Each structure stands twice: as C-alpha cells, then as structure tokens.
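Trainee: Okay, handing you the structure first.
The values are calculated or read from the model by the stated rules, or taken from the named source; none is laboratory data. These figures come from a predicted structure and were not determined experimentally. Please note: Cβ atoms are built from the backbone with ideal geometry, for glycine as well, and neighbour counts cover all protein chains shown. For accessibility, only protein heavy atoms count, side chains too; no ligands or nucleic acids. Shrake-Rupley method; radii C 1.70, N 1.55, O 1.52, S 1.80 Å.
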Amino acid sequence: MSFDMILTETRGAVGLITLNRPKAMNALCDQLYTELGVALHAFDDDPAIGCIVLTGSEKAFAAGADIKEIQAKTFQDVYAEEFITKKWEEVTKLRTPVIAAVAGYALGGGCELAMMCDFILAADTAKFGQPEITIGTIPGAGGTQRLTRFVGKSKAMEMVLTGRMIDAVEAERSGLVSRIVPAAELLEDALRTAEKIAAFSRPVVYMAKEATNRAYETTLAEGVRFERRLFHASFALEDQKEGMAAFAEKRKPNFKNR
Ligand code: CO8
C-alpha cells in the first residue's frame, strides 16, 4: 500500500497507520480521510492482522477537519454529499480492534476520530477538545454524542459550548482515555498492547468487541442478552476448549484461530 498522507506498516500481527500531514497538524482533508479508509479496510481484510494502531505525530494526532478545505462549502454541498459521515466513519465499521495512540492535539474531527476507535491510549502530552464553536460550527462526526457518553453531560457540554481543551490527566480522570503513557513510550506501548490482543483467538476478540460496543447501542437487558448469546457461541470454538484446557494444565494456550 502506498499513500501520500498516511504511512502504513505491519509489525507482526499488528497493522500500524500513522497520519502524516505534518504541515497541517494532520488536519483531516478529503484525501487523507479517503486514504485512511482504504488502509483501515485493507488491514481489516488481511487475515494476518489481529489489531490496528492508529497514531499521529508528536505534535498532533489530528487538529480536526481541514478548515481551509471546508470553509467555502455551502449547505447544499455538505447536505448533498452527506459530508463527513459517508467517509469518516469507516473506522467504526471494522471487526478488527483499533487502538488510537494519541500524542499532542486531538481536536474537532481529530478527537471524534480517536473516539471512533475502540479505545484511546494517551501520551502525557495529549490534548483533547471540540473547538468547532470557536469557528462558527458544531461537531459533525459524533462529538456531541460520543464525548457525552465518555465523559458525561456536564463536561461534554462545557467542552462543546466553550471549546475548552482538556489535558491527558483530565481525559483519563473523566473516562475518555484508557491510560496515560509517557510520550516517548506511547507507540511501543500501543504496539505491545495491540500484539497482546492479536495473540488471542481472533473470533473471540471479534465477539468481545461486538458485545462491548453493543453497550452503546441498546438497553441493558438487550445488551446482556446479546452478550450471553455470544458467550454461549464461544463454547463452539476449539479455542475456548484450548484456552480452558491450558488453564487447567497450567500451560500457555495455543490458539488456532489467529
Ligand atoms: N485545518 C487546516 N489547517 C490546520 C488545521 C485545521 N484544522 N489545524 C492546523 N492547521 C494548520 C495551520 O493553518 C498552520 O498552517 P500554516 O503553517 O500554513 O499557517 C499549521 O497547521 C500549523 O498550525 P498553527 O500554526 O496554528 O500551530 P499552533 O501550534 O500555533 O496551534 C492548534 C495548533 C491549536 C492545533 C491550531 O492549529 C488550531 O487551533 N487548529 C484548529 C483546531 C480546530 O479548530 N479544529 C476543529 C476543526 S473543525 C472540525 O473538525 C469539524 C469536524 C467535523 C467532523 C469531522 C469528522 C472527522
């Protein structure tokens, strides 16, 4: 795969995608987003890949949609092309888990992109915000919805209404990110975490991701029922037999479906 605005590489069973538009703080222009969608699906379709890491630069994961590219668009333009949702949500359509490894700015669409991933690891330099209100618009790729689910109404509302950025400590405290890592160790930590996930049984990883995501889309009773069905289904897998046998025999499991 060869792209202009992202870098892709494979590290064992992990697909690494690096947003690479340094002159514009990784602002998410149409070309970058199109390339990202292609790369994400290519890794998702590759049976050798068990987890994906999405990262940016030291300065910026992504500073949002490309303001200069979108500033002249009319209502007709954005409505007719279903601007953003059509291309920007590809990351939510994958079976393979995606870890966002965020250093520096994750603003506007950049924060929304990170929130579309399965979880966020933050460098101690990370800054998250939804500053759209300061440029005369509102979040358009889930910012008012996902941020509210992560951090609760009060903090999300304050961030959306004022454009205030939060640092990594505040982001971890409020549940937006899973962990904070020293900036110099972010990528290695994210890759190590991804390798761990990729070493588990692939169908079980898919089930775990699907069941956890269900918590955002349905009632508790329906979610628990959905989880139970997948839990039961996991007993049809040879990897479940292997995993539990390995525990009983005090050895490491050798999962076949990877
Ligand atoms: N779009 C276009 N260019 C950008 C963007 C952006 N979002 N952010 C930074 N740049 C460019 C700057 O224009 C500058 O370019 P140049 O050197 O040619 O002047 C270069 O990147 C470096 O930026 P700064 O000089 O401003 O660097 P600073 O370190 O002083 O500041 C900031 C960094 C704080 C990140 C600052 O650049 C900033 O505030 N950027 C804009 C942040 C913003 O408002 N983001 C929201 C955009 S709107 C949006 O995301 C709507 C989302 C809709 C859905 C998207 C779906 C994913």
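Trainee: How long are the semi-axes of the ellipsoid equivalent to the chain, from square roots of 5 times the Cα gyration tensor eigenvalues, in whole Å, largest first? Mind dumping the intermediate values first?
Mentor: On the way: eigenvalues 211, 83, 67 Å².
Rounded to whole Å, the semi-axes are 32, 20, 18.
Trainee: Right, next: Please compute one quarter of the surface area of the Cα convex hull for the range 50-181 and express it in square nanometres. Spell out each step's value before the answer.
Mentor: Working: hull surface 31.7 nm².
Averaging across all directions leaves 7.9 nm² for the Cα convex hull.
Trainee: Please list, in chain and number order, the residues 5+ apart from PHE119 or on another chain whose amide H is under 5 Å from its amide H, with Hs placed from the backbone.
Mentor: VAL98, ALA100
Trainee: Extension gain GLU217-LYS68, at 0.36 nm per residue separation less the Cα-Cα distance, in nm?
Mentor: Numbers: separation 149, 0.36 × 149 = 53.64 nm, distance 3.42 nm.
Between GLU217 and LYS68, full extension yields an extra 50.2 nm.
Trainee: Would you work out if the range 121-258 is rounded, prolate or oblate? Take a ≥ b ≥ c from the square roots of the eigenvalues of the alpha-carbon gyration tensor; rounded if a/c is under 1.5, else prolate when a/b is larger than b/c, oblate otherwise. Each step should come with its number before you reach the end.
Mentor: On the way: a/c = 3.33, a/b = 1.73, b/c = 1.92.
Verdict is oblate for the range 121-258.
Trainee: For ARG258 and HIS232, compute 0.36 nm times the residue count separating them, minus their Cα-Cα distance, and round to one decimal in nm. Write out the running numbers ahead of the final one.
Mentor: Numbers: separation 26, 0.36 × 26 = 9.36 nm, distance 2.02 nm.
Extending this stretch completely gives an extra 7.3 nm.
Trainee: Something else: Describe numerically, in nm with one decimal, the distance between label points set 7 Å from Cα along Cα→Cβ at SER2 and at ARG251.
Mentor: Output for this residue pair reads 4.7 nm.
Trainee: Solvent-accessible area per residue for the chain at a 1.4 Å probe radius, Å²?
Mentor: Working: 13690 Å² over 258 residues.
Per residue, the chain has 53 Å² of solvent-accessible surface.
Trainee: For Cα pairs less than 8 Å apart in space and 6+ apart in sequence, what is the mean separation divided by the residue count of the chain, i.e. the relative contact order in percent? Don't jump to the answer; show the numbers that get you there.
Mentor: Numbers: 460 pairs, mean separation 43.1, N = 258.
Reported as a whole number, the value is 17 percent.
Trainee: Let me spell out the model: positive unit charges on the Cβ of Lys and Arg, negative unit charges on the Cβ of Asp and Glu, origin at the Cα centre of the chain. What dipole size does that give, in debye rounded to 20?
Mentor: Numbers: 32 positive and 35 negative charges, 165 e Å.
For this selection, approximately 800 debye.
Trainee: Under a 10 Å cutoff between Cα atoms, tell me which one of ARG149, ARG179, ARG228 has the largest fluctuation in the Gaussian network model of the chain.
Mentor: Its mean-square fluctuation being the largest, the pick is ARG228.
Trainee: Taking amide hydrogens as modeled 1.01 Å from N in the peptide plane, which residues meet the under 5 Å criterion relative to VAL177, leaving out close sequence neighbours?
Mentor: Amide H neighbours of VAL177, under 5 Å, 5+ apart: GLU172.
Trainee: Evaluated at 25 °C with a viscosity of 0.890 mPa s, what Stokes-Einstein diffusion coefficient in µm²/s does the range 8-94 have when Rh comes from the Kirkwood expression over alpha-carbon pairs? Before the final figure, lay out each step's value.
Mentor: Numbers: Rh = 14.0 Å.
Estimated via Stokes-Einstein, D reaches 175 µm²/s.
Trainee: In the range 113-178, what percent of the accessible surface is made up of carbon and sulfur (1.4 Å probe, ligands and nucleic acids excluded)? Working shown, then result.
Mentor: Details: 1650 of 2980 Å².
Carbon and sulfur atoms account for 56 percent of the accessible area of the range 113-178.
Trainee: Another one. Strictly over 24 Å apart at the Cα level, which of LYS23/LYS87; LYS209/LYS241; LYS127/LYS155; LYS68/LYS153; LYS196/LYS252; LYS23/LYS155 would you flag in this model?
Mentor: Details: LYS23/LYS87 22 Å; LYS209/LYS241 20 Å; LYS127/LYS155 15 Å; LYS68/LYS153 31 Å; LYS196/LYS252 13 Å; LYS23/LYS155 31 Å.
Violating the 24 Å Cα-Cα cut-off are LYS68/LYS153; LYS23/LYS155.
Trainee: Further question: Divide by every residue of the chain the summed helix terms, -39500 (n - 2.57) for each DSSP H run of at least 4, and state the resulting mean residue ellipticity at 222 nm, rounded to the nearest 500 deg cm²/dmol. Don't jump to the answer; show the numbers that get you there.
Mentor: Details: 12 runs with 115 residues, N = 258.
Mean residue ellipticity at 222 nm (helix-derived): -13000 deg cm²/dmol.
Trainee: Report the label-to-label distance for THR137 and PHE75 in nanometres (one decimal), using points 7 Å from each Cα along the Cα→Cβ vector.
Mentor: Computed distance between label sites THR137 and PHE75 equals 1.5 nm.
Trainee: While we're here: With springs only between Cα atoms under 10 Å, which of GLY109, GLY64, GLY142 fluctuates most in a Gaussian network model of the chain?
Mentor: Fluctuation is largest for GLY142.
Trainee: Work out which helices of the chain, taken as complete DSSP H runs, extend at least 20 Å along their axis over the Cα atoms and score a mean Kyte-Doolittle of -0.5 or more, then list them.
Mentor: Numbers: long enough: 30-45 (23 Å, -0.07); 220-234 (21 Å, -0.26).
Qualifying helices: 30-45, 220-234.
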